[in-house]
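Written below as C-alpha cells is the structure these notes are about.
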Amino acid sequence: MNRPSQPTTAPGEPSAPATEPMVVARNVHKRFGRLEVLRGINLEVDRGEVVCIVGPSGSGKSTLLRCFNHLERINSGQLWANGHLMGYQRRRGKLFELRDSQVARQRQSIGMVFQNFNLFPHKSVLGNVTEAPVQVKRESRAAARQRALELLDRVGLADKARSYPGQLSGGQQQRVAIARALAMRPELMLFDEPTSSLDPELVGEVLDVMKGLAADGMTMVVVTHELGFAREVADSVVFMDEGVVVESGPPHEVLNHPGEERTRAFLSKVL
Ligand code: ADP
Ligand code: MG
C-alpha cells in the first residue's frame, strides 16, 4: 500500500496565498474525540516575523503549534507551512494525502522547542545536536559536528559539547534544544512555552538566545507567558481562548489596549 490515497476534497480549494507567508491557517479545526480543541483558527505568519501566542491554559495553543509541525493532523481547514499544504502533496494538479513518512519531509524545515527540552538523556550535548542532521539529513559526521560546535557557540555553550543533559541547568538544556533544532537549518522555529519550566534566574539566558534569533531574521512562533519578551520582540501578538483567536495585532495594541473583554480578563491575571 505504498500508493498515495485518492485525491481528497478535504482541504477545499488549495490556492496558496499570493504573497506566500511562512504559515497560513485557514479555518483550522482539531478534535480529540468529542473535544473540539481548535474551533476555526485563522492566522498568518509572514517570513521573518515573530508571532507570540498567549492565552489561558487549555485554550489550544500547544495543539495549534503541534498542527503547524504536523505532530497533530487537523480535522478540517487548511494549513500551509513554508509553502507546503501540510499533509498533502500536489501531483498532476491533484491533491494526495501524504503518509506519515512523507510528512516527515515537509517537517524538516520546521524546528520545534518544547517546554521540557526533550533532549536525549543518554547522548552528549554534541550527540544531541548532530543526531538529526546525520540520521535524517545524511550529513557527514564531520560536517554535522562542525556545524554543531558553531551552533553551541552561538547559544553560549561551546564548552559543554562533551557534557550530558543531566549535568546541565535547565537554561543550558533549553539552549542545547534550540541549537539542536537549528542544526536542521529550519526556516520556521516553533517554541512552546520554552521558559515555563525554568527557574526565574535562568529565563533570561534562553530569551536572549531567542532574541538573537529574531534579530537574525528567523521566523518564529512563540507560545509564551513572557509578556515582556512579547512586547520587545514580537511583531504580532495573538490572544487565543477556547480554541479560537480572540484578537491579534501589534504587541502594544493587544497587550496595552485589548479590544476584547476576554483578553483584558486574561491579562489582568498574568500581569
Ligand atoms: P494549551 O497549550 O493552550 O494549554 P492544549 O493545546 O495543550 O492547550 O490543550 C487544549 C485542550 O486539548 C485541553 O483540554 C487538553 O486537555 C486537550 N488535549 C490536548 N492534547 C490532547 C490529546 N492528545 N488527547 C486528548 N486531549 C488533548
Ligand atoms: Mg500548552
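The values are calculated or read from the model by the stated rules, or taken from the named source; none is laboratory data. Only a predicted model underlies this, so the values are computations on that prediction, with no experimental measurement involved. Glycine gets a Cβ as well: all are built from the backbone with ideal geometry, and neighbour counts include every protein chain shown. Surface accessibility is based on the protein's heavy atoms, side chains included, excluding ligands, DNA and RNA. Shrake-Rupley method; radii C 1.70, N 1.55, O 1.52, S 1.80 Å.
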Matching option when the condition is of a type in the set (Val, Ile, Thr), farther than 28 Å from residue 155 by Cβ and within 16 Å of ligand 2 (Cβ to nearest atom), among 103, 24, 37: 37
Any hit, segment 200-215, residues being farther than 25 Å from residue 38 by Cα, hydrophobic (A, V, I, L, M, F, W, C) and touching a residue at least 40 places away in the same chain (Cβ under 8 Å): yes
Output for segment 224-248, where each listed residue is in contact with a His (Cβ under 9 Å, 6 or more places away or on another chain) and either free of Cβ contacts under 8 Å to residues at least 12 places away in the same chain or away from ligand 1 (no atom under 16 Å from the Cβ) (or both): 231
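Kindly indicate the residue of segment 50-72 that is among the charged types (D, E, K, R) and either modelled with pLDDT under 95 or open to solvent by less than 40 Å² (accessible area, probe 1.4 Å) (or both) and also farthest from ligand 2 (Cβ to nearest atom) among those meeting that condition.
Only one residue fits best here, namely 72.
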Tabulated pairs, segment 42-67, first touching a residue at least 24 places away in the same chain (Cβ under 8 Å) and assigned to a loop (DSSP other than H, G, I, E, B), second among the acidic types (Asp, Glu) and more than 16 Å from ligand 2 (Cβ to nearest atom), C-beta under 7 angstrom, 6+ apart or interchain: 49/235
Filter result (open to solvent by less than 30 Å² (accessible area, probe 1.4 Å) and part of a loop (DSSP other than H, G, I, E, B)) within segment 78-129: 82, 86, 87, 98, 109, 117, 119, 124
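Restricting the search to segment 174-223, which residues are within 16 Å of ligand 1 (Cβ to nearest atom) and either within 12 Å of the chain's Cα centre (by Cα) or assigned to a helix (DSSP H, G or I) (or both)?
Once the filter is applied, which keeps residues that are within 16 Å of ligand 1 (Cβ to nearest atom) and either within 12 Å of the chain's Cα centre (by Cα) or assigned to a helix (DSSP H, G or I) (or both), segment 174-223 yields 190, 191, 192, 193, 194, 221, 222, 223.
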